[in-house]
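Undergrad: Please see the structure below; I have some questions.
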């Protein structure tokens, strides 16, 4: 059972929380932006070794290096403080230990971005030679999550936009997923409502309330996809990320308008979004994406849609598309993508 602690400055309790759970030595995983701040949380309080996540995505080689560094450290606890890739890197360490039937360390995470929701899921994403791999195991769910909104204050407007749009995409995809149930829909609906209220404020005029609202929305969306997994937009997004370095949230949002038509939105989802029909919903979501400063057309990403359409559909992630409410239809998808993107 995952424990969640919420509130401003709760991250300052990290060392005490670890000690109270019999942690003796910590393997601290952070990104470069949180290098010194992360170190100061533990210095003179508990022994630790710090590992810095470099780059955006988690690659197989980096995961192996991080796992070996953890073993060499002699730590019995992993504390990951960072965005989705930092937390996913920590998860890959757990996954490798499980595969080798080694003891799982105490696993604590604190997200610094309001987007991925990975702190609430039992899976992780890793790339192997530009191919996305999904790692899935119940033990990848962190034991303790610290939701401290203050950690997200350093996000730039663009980072807030890119990470935050993924909250919306995850919540909507979970809602229409073939695997959706009453519990996941409640999480999704709550996430969408919070997102609608706080997303654009957090980008243009961020304050404590909007940061806290977006962090909660992200966590709820993560709890939703932990039940249902993601669907079509995510299935298409990985090609843009791995081959053209398009940030994950931007890549997923790029295809959301397509699936608002492809998936024939249900009446209850339309009501939740605040629109009367799928065509109006497409216009609405495109406006939301543009207002956030994100791209809705291939030329805005510096890409030729006619040149990219075939490799994009050739490399679609079928595992994710299996969760989509409408089966894969290459011709129909191609037509919609070329029209809308």
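Undergrad: Where does helix 330-340 land angle-wise versus the long Cα axis of the chain, in degrees 0 to 90, nearest 10?
TA: 90
Undergrad: Order these peptides, 249-255, 299-305, by their mean beta-carbon neighbour count within 10 angstrom, highest first.
TA: On the way: 249-255: 26.3, 299-305: 13.3.
The most tightly packed comes first, giving 249-255, 299-305.
Undergrad: Also: If all Cα-Cα distances of the range 157-340 are sorted into 10 Å bins from 0 onward, what percent lands in each bin, rounded to whole numbers?
TA: For the range 157-340, the pair-distance distribution reads 10, 40, 38, 11, 0.
Undergrad: Restricting everything to alpha-carbon atoms, can you work out Rg to Rh for the range 1-105 with a Kirkwood hydrodynamic radius?
TA: On the way: Rg = 13.3 Å, Rh = 14.1 Å.
Computed over Cα atoms, the ratio is 0.94.
Undergrad: Can I ask one more? Given N residues in the range 119-211, what is its alpha carbon radius of gyration divided by 2.2 N^0.38 Å?
TA: On the way: Rg = 15.1 Å, N = 93, 2.2 N^0.38 = 12.3 Å.
Compactness ratio reported: 1.23.
Undergrad: Of 102, 212, 173, which has the largest mean-square fluctuation in a 10 Å C-alpha GNM of the chain?
TA: 102
Undergrad: For the chain, what is the mean residue ellipticity at 222 nm derived from helices alone (per DSSP H run of n ≥ 4: -39500 (n - 2.57); sum divided by total residues; nearest 500 deg cm²/dmol)? Can you show the working numbers first?
TA: Details: 14 runs with 183 residues, N = 341.
Result for the chain: -17000 deg cm²/dmol, rounded to the nearest 500.
Undergrad: Connecting C-alpha atoms closer than 10 Å in a GNM of the chain, tell me which of 90, 292, 80 has the biggest fluctuation.
TA: Maximum among the listed residues: 292.
Undergrad: Sorting check: for 163-171, 221-229, which peptide has the highest mean count of neighbouring beta carbons within 10 Å, and how do the rest follow? The partial results should precede the final answer.
TA: Values: 163-171: 28.8, 221-229: 24.9.
The peptides rank, most packed first, as 163-171, 221-229.
Undergrad: Right, another one. Which value in Å is the Kirkwood Rh of the range 239-284 over different Cα pairs? Let's see the in-between values first.
TA: Working: mean 1/r = 0.0866 Å⁻¹.
Result for the range 239-284, one decimal place: 11.6 Å.
Undergrad: Still on this structure, I have one more. Rounded, prolate or oblate: pick one for the range 25-172, where a ≥ b ≥ c are the square roots of the eigenvalues of its C-alpha gyration tensor, a/c under 1.5 means rounded, and failing that, prolate if a/b is larger than b/c, else oblate. Walk me through the numbers on the way to the answer.
TA: Numbers: a/c = 1.62, a/b = 1.15, b/c = 1.41.
The shape class here is oblate.
Undergrad: Still on this model: Considering only DSSP beta bridges where both residues belong to the chain, give the percentage that are antiparallel (nearest 5). Write down the numbers at each step before the final one.
TA: Values: 6 of 30 bridges.
The antiparallel fraction comes to roughly 20 percent.
Undergrad: Continuing with this model, one more query. Out of 241, 231, 154, any idea which swings most in a Gaussian network model of the chain, alpha carbons joined below 10 Å?
TA: Answer for the Gaussian network model of the chain: 154.
Undergrad: Measure nothing but the geometry: give the 0 to 90° angle between the long axis through the Cα atoms of 182-204 and the longest principal axis through the Cα atoms of the chain, rounded to 10°.
TA: 90
Undergrad: Using only the alpha-carbon atoms, how far is helix 157-176 inclined from the longest principal axis of the chain? Give it as 0 to 90 degrees, nearest 10.
TA: So the helix axis and the longest Cα principal axis differ by about 70 degrees.
Any read-out appearing in this document is the output of simple, stated calculations on the displayed coordinates, not a laboratory observation. Keep in mind that this is a model prediction, so the values were computed, not measured. Cβ sites come from the backbone with ideal geometry, for glycine too, and all protein chains shown count toward neighbours.
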